[in-house]
Amino acid sequence: MQIVALETITKVAELAASGLTPEEYEAAALQAVGEPDLARRVVDWLPEAFGVVLVSHMATVTLPTTFLARDSSGSWVEIPFSKDPIFGEVLKLALSMYHHGPREVFSALALRSSTVDAVNKALNSGASIDGAVLSPPTMPGIAAETYGGEA
């Protein structure tokens, strides 16, 4: 499984807070990473990992340990986060930025997370998230076959 250097992931993370349009951000990420499938994984994992870190510091919740990716037949496959080394690197970066900054980069990415969006919706409706079990994020841009198609 191909990985991306932490300094490249950091550069792509910093681009998220630079005011680029979504199209410009995607193009800049591709230029930084160099390979389309790897760039897609970096761009998709950044907000999700940053969101997991933010939510883990907000309340006592059970965080997901898996994600959902579609296979070539269109079925969703549940895959452990541990199968993707990019997720592990992005998670390390998210933890570092949460504690040491830059906060604007951390916030820009965390606020794009489906996990943070779900938590915000629950809190805005008056629900408590303490003790909640969070569902795995869906990753429509990443093919399940990237991980051998197995969970």
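The string of couplings for segment 54-71 from the Karplus curve (6.51, -1.76, 1.60, θ = phi - 60°) is 4, 5, 5, 9, 8, 7, 8, 10, 8, 7, x, 10, 9, 9, 10, 10, 7, 8 Hz, one whole number per residue in order, with x for Gly and Pro. Residue-wise HN-Hα couplings along segment 115-129, as the Karplus relation 6.51 cos²θ - 1.76 cosθ + 1.60 with θ = phi - 60° gives them from phi, are 5, 5, 4, 5, 5, 4, 4, 5, 5, 5, 8, x, 7, 9, 9 Hz; Gly and Pro carry x.
Volume per residue of the convex hull around the Cα atoms, evaluated for segment 91-151, comes out as 135 Å³. Listed options for volume of the Cα convex hull per residue in Å³ are (1) 115; (2) 104; (3) 130. The value calculated from this structure is the one marked (1). Per-residue ellipticity at 222 nm for the chain, helices alone: DSSP H runs ≥ 4 residues times -39500 (n - 2.57), over residue total, nearest 500 deg cm²/dmol? Taking each H run of at least 4 residues, the total per residue is -16500 deg cm²/dmol. Taking amide H positions as modeled 1.01 Å from N, with prolines and chain starts lacking one, the residues under 5 Å from residue 67 and 5 or more places away or on another chain are 79, 81.
Every read-out reported here was derived from the displayed coordinates using simple, explicitly stated rules and does not represent laboratory data. All of these numbers come straight from a predicted model, not from anything done at the bench.
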